[in-house]
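Take a look at the structure below.
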Amino acid sequence: MVENTIPEAIEAAATTYGLTLSEAEREGYTAEAEATAALLGDLEPTTTRSDPAANVGEDDDEYNAFLYRCELPGAESGPLAGTEIAVKDNIAVAGVPMTCGSDALAFEPEYHAAVTERLLDAGADLVGTTNMDEFAYFTTSETCAHGPVENPSAEGVPGGSSSGSGAAVAAGLVDAALGTDTGGSVRIPASFCGVVGFKPTFRTVPRFGFADLATSLDHIGPLAPDVETAATVLEAINGPDRRDPSTVGTREPTPTDGLDRDIDGLTVGLVTEAQDGADDDVAAAVERAADRLAAAGATVEPASLPGFETQSLVNAAVTATEFTTLVAQAGQDYGVGTGYSEPWREAVASMDADELGENVRARLVLGRALTAVDDGEGYVAAQNVRREFEGVIDDRLTDCDALLLPTTPMSAPDYGEISEDADLLRTIANTGPFNLTGHPALSVPVATERGDGDPVGCQLVTDWYDEATAVALGRSLEAAE
């Protein structure tokens, strides 16, 4: 992976920091670096192997939801015993090729991701991996190198980037599936496909064995046909894991505590900016959902979130910088990262970049160029705006137990409709803000009065670690449908 000699690397490092080295310094630093490199070379970068899946083969279901089918039985007992679950193509399953939706990547992990292990330990049978937008960097399924995914519930796109997971659940091909969510990639397909999608509190679900898109925004979460299943799956996969240092020290939410909870007395803030920005039929469906919560005993009141409209742009700016940096560093995130896998780094370093799809090629070149031109100032500005908005959400959740808003401002767009950056930003307008703040967000399908019946998602956002309240409200909406 590294081609520079130590003397060349010493000179390059000095240039980076604006240092002028004397000849004596060059010689001294070179000798010290060579000695340290020799010591570090004795460290063995191993990753524990897992028992591989059996009967692995490419799939050709009618929705193109699956990439590979496999057989990997779970424990005989547990909260997920008897359930069949699939995981997105950027989550490691030993013995199953992991492509991240790209033709550029050739990687077959010999280990399971942390969440894969936890599904199996909870009794789930893992039956395959699902298609996705290339490197999780789009919201419709149309950038997947293995072909677009069809939506079983509408004429339009299934949403992305967890397209196959949403479609597989909607079509009844699995009992639940895992997706990943950087700007809404669990909740957007849940909304467009008419299923439940659950983004957890940031850093509560370990990401070891997952291919990050943007490390400060990424979450892993379930898609399921109902709130109870989603809550049960999420509870099975969350909790600290030392292979993902970012989870150490976090609390462990118990989403299933909300399954039998009464919502009487809860206060729900209906987000005015999101309602104003939604298509009329979507806003009307969420208004009816608010009425049903009120009828069940909750108090529903308007809630304004200053700065809400700019957060999708902030999310996009953070994603661009972090993704391009990860690829440039062969998947390595220094500091409190999400776990380290030498085989994964080797795969990223050796991928055939000329095989990348048009969208990812553009994102890499433009993102890297903009960061170089402004020397990272755009990223710093975006992070500062992010921190201010976190305070806005914290303030609102002091007054309210939950926020209510459309998951997406629109129902499933037609194929080819999301082509400009402005269109893309609108798809994450209501989901991306809560990747920035890290709050848990549950998308529940609600009915529309339109003749075509395209699904609409209703999003419930609660305080950090309070997934149970979102579950209680989501269950109430299900009961009222």
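The values are calculated or read from the model by the stated rules, or taken from the named source; none is laboratory data. Note that this is a predicted model, so its numbers are computed, not measured. With ideal geometry, Cβ positions are generated from the backbone for all residues, glycine too; neighbour counts draw on all protein chains shown.
Before moving on, here are some points about what is shown:
- Residue count, segment 368-408 (criterion: in a loop (DSSP other than H, G, I, E, B) and surrounded by fewer than 21 Cβ atoms within 10 Å (Cβ to Cβ)): 2
- Total residues in segment 80-124 satisfying the condition of being aliphatic (A, V, I, L, M) and in a loop (DSSP other than H, G, I, E, B): the figure is 13.
- Index of the failed condition, residue 291 passing every other in (1) modelled with pLDDT of 95 or more; (2) surrounded by 15 or more Cβ atoms within 10 Å (Cβ to Cβ): (2)
- Scanning segment 89-110 for residues that are surrounded by fewer than 24 Cβ atoms within 10 Å (Cβ to Cβ), within 15 Å of residue 341 (Cα to Cα) and either in contact with a strand residue (DSSP E or B) (Cβ under 9 Å, 6 or more places away or on another chain) or not hydrophobic (A, V, I, L, M, F, W, C) (or both) returns 94, 108, 110.
- Yes/no for residue 330 being closer than 23 Å to residue 461 by Cβ and surrounded by 15 or more Cβ atoms within 10 Å (Cβ to Cβ): no
- Of all residue pairs spaced 6 or more apart or on separate chains, those with beta-carbon atoms under 8 Å, a first member in segment 35-51 that is farther than 21 Å from residue 114 by Cα and a second member that is in a helix (DSSP H, G or I) are 37/6.
- The residues in segment 1-32 that are exposed (fewer than 10 other Cβ atoms within 10 Å of the Cβ), among the β-branched types (Val, Ile, Thr) and within 25 Å of residue 346 (Cα to Cα) can be counted, and the count is 1.
- Scanning segment 284-328 for residues that are under 22 Å from residue 183 (Cα atoms) and part of a loop (DSSP other than H, G, I, E, B) turns up 304, 305, 306, 307.
- Any hit, segment 263-275, residues being crowded, with 23+ Cβ neighbours inside 10 Å, assigned to a helix (DSSP H, G or I), among the aliphatic types (A, V, I, L, M) and in contact with a helix residue (DSSP H, G or I) (Cβ under 9 Å, 6 or more places away or on another chain): yes
- The listed residues are 408, 431, and the only one of them that is modelled with pLDDT of 95 or more, in contact with a Gly (Cβ under 8 Å, 6 or more places away or on another chain) and over 27 Å from residue 254 (Cβ atoms) turns out to be 408.
- Apart from one condition, residue 127 fits all of (1) over 16 Å from residue 221 (Cα atoms); (2) more than 15 Å from the chain's Cα centre (by Cα); (3) part of a loop (DSSP other than H, G, I, E, B); (4) β-branched (Val, Ile, Thr); the exception is (3).
- Only a single criterion out of (1) buried (at least 24 other Cβ atoms within 10 Å of the Cβ); (2) within 28 Å of residue 425 (Cβ to Cβ); (3) among the small types (Gly, Ala, Ser) is not satisfied by residue 147, namely (1).
- Any hit, segment 35-49, residues being assigned to a loop (DSSP other than H, G, I, E, B), in the same structural domain as residue 209 (by TED's automatic domain parsing), of a type in the set (Asp, Glu) and closer than 29 Å to residue 92 by Cβ: no
- Residue check, residue 421 within 27 Å of residue 260 (Cα to Cα), of a type in the set (Asp, Glu), out of contact with any Gly (no Cβ under 8 Å at 6 or more places or on another chain) and in the same structural domain as residue 397 (by TED's automatic domain parsing): no
- Meets criteria (touching a residue at least 12 places away in the same chain (Cβ under 8 Å), assigned by TED's automatic domain parsing to the domain that holds residue 155, closer than 15 Å to residue 283 by Cα and part of a strand (DSSP E or B)) for residue 411: no
- Looking across segment 318-360, the residues that are within 14 Å of residue 378 (Cα to Cα) and either under 16 Å from the mean Cα position of the chain (by Cα) or at pLDDT below 90 (or both) come down to 318, 319, 320, 322.
- Per-region count, segment 333-367, residues surrounded by 17 or more Cβ atoms within 10 Å (Cβ to Cβ) and assigned to a helix (DSSP H, G or I): 7
- The one condition in (1) in contact with a helix residue (DSSP H, G or I) (Cβ under 7 Å, 6 or more places away or on another chain); (2) crowded, with 24+ Cβ neighbours inside 10 Å that residue 75 fails to fulfil: (2)
- Cβ separations smaller than 8 Å between residues 6+ apart or across chains give no pair from segment 123-137 residues that are not assigned by TED's automatic domain parsing to the domain that holds residue 175 to residues that are buried (at least 24 other Cβ atoms within 10 Å of the Cβ).
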